[in-house]
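The values are calculated or read from the model by the stated rules, or taken from the named source; none is laboratory data. Keep in mind it's a predicted model, so treat the numbers as computed, not measured. Here the Cβ positions follow ideal geometry from the backbone for every residue, glycine too, while neighbour counts run over all protein chains shown. Areas reflect the complete protein model, heavy atoms only, side chains present, ligands, DNA and RNA absent. Shrake-Rupley method; radii C 1.70, N 1.55, O 1.52, S 1.80 Å.
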Amino acid sequence: MILEDGKIDEPALGYRNAAGAFVHRPMPAEYAHEPITDAEVPCPVCGSVQYDQWRAGRGRKGTDSFEAHPLVVCRVCGHQEHVGGIVRFGVASADEDEAARMARIAGVRAEQAVQRWYADQMTLMGVTFPIYAAEGWPAQINGSGLHGDKLTHLTIAHGETLPDLTVVGRPPIEIRTSLDPHQQGELAIAREAFASGIEADTNRPLTDGLSDAAATLWFRAARRRRVAGSHQAPISETEITIDGAPAPFLTLGHLNTHWVALRHHDDVMITIAAHQIDPASLVIEPIADPRARLLGPEPDEP
């Protein structure tokens, strides 16, 4: 099954007539469009690489309220993708020497460290539940979420060393404590966490210079591969030590590579995502002093 980007449980669908040919709703003629000549990935419905980019939009056309939004449409089957915002990072100036470049990077990292410290301090002020983490590992806040104005989940990243970044990408261990009453079922949560950690594109780097439309198609295809991998991962049950005693966790994946374990524990949901970590080696406990372990001393202003 090919899964649609965004909602992980919905397939990408195409429609055929009685003769077996694809049929789809024609696009409005008044919208400007052009072929996407640098697309690299096939359509998830029909497998062709024939796309147009349309300037679809919302609001009343011809008025100040109209907002144009690029839309990628497969010419064969009509499958559509909305083009999201693509952030492109510029390269260093040719006039910048290595010492100046390193000084600039150090300044950026120092500013990030200060901003992260104050952001994490504000986050901890809103925590009303125990924050679970792995004993014996360096820890850092790596994400949080709100429902309304209430903090409902907090994610802790663990690694032998943690970089001075606002978010740590794919740490060896990541533990999320959640108190969200509106969250999905256990298996859906486990699959979403598993998909986010799959390195589906290790051997398929994004080609330099792709247009925003072609890059969007590439990222959506990568997302679908990750989601498909999460649905193919084996489901099992594993005991992990939590609050001083072994307890069963719903587990997704292979324990010698990438896996996710999840458990309703007292009033919270604990989700562990790890790779190349033996779950039997983990001891999961609430952090006794979150400020001391997760914040440390206030950093100096850069």
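List of remarks:
- Between H231 and A188, the distance separating the two model label sites (each 7 Å from Cα on the Cα→Cβ line) works out to 1.5 nm.
- Under the Karplus curve 6.51 cos²θ - 1.76 cosθ + 1.60, θ = phi - 60°, whole-Hz ³J(HN,Hα) for the range 120-129, x wherever Gly or Pro sits: 5, 4, 5, 4, 5, 5, x, 6, 10, 9
- Per-atom-type breakdown for the range 207-258 gives carbon and sulfur 52% of the accessible area (1.4 Å probe, protein chains only).
- In Å², nearest 10: area of M125 left accessible to a 1.4 Å probe: 140 Å²
- Between Y31 and D149, the simple label model (points 7 Å from Cα in the Cβ direction) yields a spacing of 4.0 nm.
- Phi angles across the range 262-279 convert, under the Karplus curve 6.51 cos²θ - 1.76 cosθ + 1.60 with θ = phi - 60°, into 3J(HN,Hα) values of 9, 8, 6, 10, 6, 9, 10, 9, 10, 10, 10, 10, 8, 9, 6, 10, 6, x Hz, Gly and Pro given as x.
- FRET efficiency estimate (nearest 0.05) - Cβ-Cβ, I105 to D289, R0 30 angstrom: 0.40
- Between R55 and L13, the modelled label-to-label distance comes to 3.2 nm, taking each label 7 Å out from Cα in the direction of the beta carbon.
- Rounded to 5, percent antiparallel among DSSP beta bridges of the range 145-302: 95 percent
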